[in-house]
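I have placed the structure first, in the form of structure tokens, so that the comments after it can refer back to it.
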Amino acid sequence: MTINKKSSDPKISVVIPCYNAGPYLRECLDSVFNQTLPPHEVIVVNDGSTDNSLEILKSYLPRVRIISQTNKGVSVARNVGIRHCTGEWIAIQDADDIWAIEKLEKQWAAICSCDEEVVCCYTDFFVFGPGIERTVCVRPEHHQMKDSMAEMLADWSVTSNSALFRFDKCQDVFFPENIKDGEDIIFFAMLRKKGPFIRHAEPLAGYRKHPKQRTADRK
């Protein structure tokens with residue numbers, strides 16, 4: 001499949017796994033729907049939420065597509081969402097995080113300016129949250145190393161909510177469903193085998209730190 005990088009309206013599917021994200025969900029969804037390059041579709045996998053997440057999601061209908069399942073974990077939710085995508089590109093967002101409104105537009109511009117057939121474009125990100133000073137995190141470019149897989153597996157570099165990647169290249173690449181930490185590290189290391197990555201050196205994804213999050217200590 002050849003991607004038309006000249007298109008001013010790429011089909012980008014946004015996949016959001018959601019589990020009990022009620023306090024943060026509206027801010028997350030608004031940052032997605034307010035993108036200067038609007039997504040083709042937004043798919044939220046409601047992973048057995050027991051709070052008001054589903055009620056909030058329904059208030060965004062028909063702009064959001066809701067897939068509900070019993071609680072199976074974030075990797076399963078991401079994989080389910082990806083399987084339902086109809087776009088050429090996929091962006092993963094977590095239900096408690098946010099994007100800068102120009103994130104998708106700037107990533108698409110970076111992809112279009114590259115001579116290679118890019119598989120994934122990722123960005124730096126910023127950490128925020130209650131009582132936390134906003135901090136920019138610059139990610140290493142392990143994808144450029146000779147042994148990129150080993151480097152990417154040894155040192156986390158691509159944060160899932162900063163990545164924009166090709167749908168056709170992840171048909172046999174999945175977020176591991178039998179582990180509870182590091183699944184994004186494995187996913188992007190495997191995806192790198194499908195072709196070139198590029199990094200857009202600007203913090204366009206916001207990672208929220210709060211007490212209930214599963215990966216509170218990673219970043």
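Among the candidates T36, T70, T50, single out the residue that is closer than 15 Å to P10 by Cβ and of a type in the set (S, T, N, Q). Explain how you work it out, then say what you get.
Values: T70 fails: closer than 15 Å to P10 by Cβ; T50 fails: closer than 15 Å to P10 by Cβ.
The match here is T36.
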### Task
For the stretch 17-33, name all the residues that are open to solvent by less than 70 Å² (accessible area, probe 1.4 Å) and either in contact with a Cys (Cβ under 9 Å, 6 or more places away or on another chain) or outside any helix (DSSP H, G or I) (or both).
P17, C18, N20, A21, L25, C28
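If we keep just the residues of the stretch 43-54 that are touching a residue at least 24 places away in the same chain (Cβ under 8 Å) and either farther than 28 Å from D168 by Cα or part of a helix (DSSP H, G or I) (or both), which is least open to solvent (accessible area, probe 1.4 Å)? Show your work before the answer.
Kept after step one, since they are touching a residue at least 24 places away in the same chain (Cβ under 8 Å), are these residues of the stretch 43-54: 43-53.
Remaining after also requiring either farther than 28 Å from D168 by Cα or part of a helix (DSSP H, G or I) (or both): 48-53.
Working: G48: 23, S49: 27, T50: 116, D51: 61, N52: 72, S53: 0 Å².
Here the residue is S53.
I need a count of the residues in the stretch 55-71 that are open to solvent by less than 100 Å² (accessible area, probe 1.4 Å) and not small (G, A, S). First the steps, then the outcome.
Residues of the stretch 55-71 that are open to solvent by less than 100 Å² (accessible area, probe 1.4 Å), as a first pass: 56-57, 59-61, 64, 66-71.
Filter again for not small (G, A, S), leaving 56-57, 60-61, 64, 66-67, 69-71.
Number of matching residues: 10.
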#### Entry: Subset of the stretch 163-189 that is out of contact with any helix residue (DSSP H, G or I) (no Cβ under 8 Å at 6 or more places or on another chain) and not in a loop (DSSP other than H, G, I, E, B) - its residue that is most open to solvent (accessible area, probe 1.4 Å)
D168
### Query
Does T2 meet the test of being modelled with pLDDT under 95 and either small (G, A, S) or open to solvent by 10 Å² or more (accessible area, probe 1.4 Å) (or both)?
yes
### Task
Can you confirm whether the stretch 174-194 contains a residue that is over 22 Å from F125 (Cβ atoms) and basic (K, R)?
yes
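Based on this model, can you work out whether V80 counts as at pLDDT 95 or above, crowded, with 16+ Cβ neighbours inside 10 Å and not in a helix (DSSP H, G or I)? Steps first, answer last, please.
Numbers: at pLDDT 95 or above: yes; crowded, with 16+ Cβ neighbours inside 10 Å: yes; not in a helix (DSSP H, G or I): no.
So V80 fails the test.
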### Task
Could you figure out which of (1) under 24 Å from A21 (Cβ atoms); (2) at pLDDT below 95; (3) not in a helix (DSSP H, G or I) isn't true of K146?
(1)
#### Entry: Qualifying position, being in contact with a strand residue (DSSP E or B) (Cβ under 7 Å, 6 or more places away or on another chain), surrounded by 12 or more Cβ atoms within 10 Å (Cβ to Cβ), modelled with pLDDT under 95 and assigned to a strand (DSSP E or B), among R139, R134, R199
R199
### Message
Let me confirm something: among N34, N52, N20, N46, which residue is within 27 Å of A109 (Cβ to Cβ) and not small (G, A, S)?
### Response
N34
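Just to verify a result, which residue in the stretch 83-99, among those that are of a type in the set (G, A, S) and buried (at least 20 other Cβ atoms within 10 Å of the Cβ), is nearest to V45 (Cα to Cα)?
Keep residues of the stretch 83-99 that are of a type in the set (G, A, S), which gives 87, 91, 95.
Narrowing further to those that are buried (at least 20 other Cβ atoms within 10 Å of the Cβ): 91, 95.
Values: A91: 14, A95: 10 Å.
The extreme case among them is A95.
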### Message
Just to be sure I understand the filter: pairs with C-beta atoms under 6 Å, separated by 6 or more residues or on different chains, first member in the stretch 64-91 and under 12 Å from P39 (Cα atoms) and touching a residue at least 60 places away in the same chain (Cβ under 8 Å), second member basic (K, R) and in a loop (DSSP other than H, G, I, E, B). Which pairs pass?
### Response
G87/K11; E88/K11
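The values are calculated or read from the model by the stated rules, or taken from the named source; none is laboratory data. From a predicted model like this one, the values you see are computed outputs, not experimental measurements. Heads up, the Cβs are rebuilt from the backbone with ideal geometry, glycines too, and the neighbour counts pull from every protein chain shown. When the accessible area is computed, the model is the full protein with side chains, heavy atoms only, and any ligands, DNA or RNA have been set aside. Shrake-Rupley method; radii C 1.70, N 1.55, O 1.52, S 1.80 Å.
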